[in-house]
């Protein structure tokens with residue numbers, strides 16, 4: 001320690017490396033309200049600037065490339081007549097009204113949708129089906145369940161369609177497997193994307209793209225691979241490496257990151273639906289969102305008219321089946337307010353497209369240089385050069401000199417936000433700097449006291 005602190009340039013280099021590494025990970029610490037406010041305000045600021053100059057590119061891309069099918073308002077009640085026998089509770093025959101019942105998506109309507117999607121005449125009308133319905137706990141209780149599964153398997157097992165459908169699933173990190181039931185067991189693991197929620201304290205604010213050391217991929221990452229032709233593989237220290245199939249250049253990205261929310265519930269509500277086109281006109285490919293029951297409507301003697309029209313444009317759209325009415329069970333608390341789970345997943349997907357979690361060497365160098373300067377001011381503190389008698393000027397310079405490392409940290413935070421579109425956990429980093437500063441001061445004070453004691457204990461030289 002004495003050798004290192006005696007060489008401030010070397011010790012500043014060592015501490016700068018430590019600060020740079022910690023800076024990468026402490027941003028994900030939960031329960032920091034002040035930093036969450038910074039996150040929200042910074043992303044809101046960027047949204048405001050972008051909305052003044054142009055429309056959101058991501059929202060325009062969503063309208064162009066996706067058709068959202070909202071299942072929120074199409075629910076059914078199912079009663080499990082075998083539940084009592086399954087858990088060993090005695091009951092008399094015919095006590096149906098006492099059997100447990102629960103709500104789920106209307107399977108009959110969902111069957112009608114997948115029947116159309118599986119039809120050979122319609123298979124080339126869409127690009128990818130993203131099914132944000134959790135089938136993990138769904139048992140095959142009714143004839144309709146089996147029929148729905150048959151249509152889904154017709155897509156999944158078809159040699160030309162096997163990569164055109166993916167499902168949301170809950171990954172059990174403890175048992176290292178997806179939660180499955182009778183229905184879900186027939187769905188291929190490679191077509192399942194994890195949708196586990198990561199919370200900071202009480203609200204969603206970070207996301208894991210993979211689980212189990214990269215062996216299990218999240219639903220947004222699967223979308224990124226299937227839609228954009230990307231291959232992603234796990235690396236060490238919380239990173240993964242990916243490349244486009246048509247490109248040999250590989251990029252490194254963070255596995256855990258804080259996504260920016262490009263569009264919120266109110267933006268989803270502005271999407272064109274079959275109910276808000278001009279009077280006396282029919283729907284067309286400009287429709288961006290449609291309810292499940294609307295996909296089954298016939299018009300002018302044509303089955304599934306509105307669904308077919310919504311998919312008639314170019315390029316071929318990706319179909320995202322999920323809940324979007326903001327009142328469904330799949331609503332999550334976020335830093336931006338309550339949001340539908342499907343909206344969060346779509347935002348994460350567009351974050352991947354924009355490379356928001358990409359590892360940037362330029363930003364790493366920027367952070368390292370500033371932390372080197374901060375480390376140098378801690379190890380080799382500046383002295384107030386003013387020796388005059390003007391008291392107010394003296395205490396002002398003292399405040400600047402004594403706390404200059406924190407001012408530098410504020411500058412780092414501002415530049416990171418504006419120039420690199422990245423946030424800094426200023427509260428956690430300020431705490432780390434304060435701890436290290438205090439420890440070094442105590443160490444130096446101890447060394448000085450020890451030196452004085454050694455000098456005092458030296459035997460006195462007596463002259464003859």
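Miscellaneous remarks
- The range 56-353: relative contact order in percent, alpha carbon pairs under 8 Å with at least 6 residues between: 25
- Residue 363-residue 451 pseudo-label distance in nm [points 7 Å out on the Cα-to-Cβ vector]: 4.3
- If you sort the three axes of the alpha carbon gyration tensor as a ≥ b ≥ c, you get a/c of 1.5 or more for the range 122-168 and a/b above b/c, which makes it prolate.
- Full extension of the chain segment joining residue 158 with residue 411 gains 85.5 nm, where the gain is 0.36 nm per residue of separation less the Cα-Cα distance.
- Net length gained if the chain between residue 213 and residue 438 were fully extended (0.36 nm per residue, minus Cα distance): 77.2 nm
- Highest average packing first - 66-75, 115-124, Cβ atoms within 10 Å: 66-75, 115-124
- Residues 171, 102, arranged from fewest to most other Cβ atoms within 10 angstrom of their Cβ, appear as 102, 171.
- Placing a pseudo-label 7 Å from each Cα along the Cα-to-Cβ vector at residue 122 and residue 353 gives an inter-label distance of 2.4 nm.
- Fewest-first ranking of 410, 216, using other Cβ atoms within 10 Å as the exposure measure: 410, 216
- Packing-based exposure ordering (other Cβ within 10 Å, fewest first) of 362, 285: 362, 285
- Inter-label distance, nm, simple model (7 Å from Cα along the C-beta direction), residue 78/residue 231: 3.9
Every read-out reported here was derived from the displayed coordinates using simple, explicitly stated rules and does not represent laboratory data. This is a predicted model, so every value here is computed, not measured. Note that we place each Cβ from the backbone using ideal geometry, even for glycine, and neighbour counts take in every protein chain shown.
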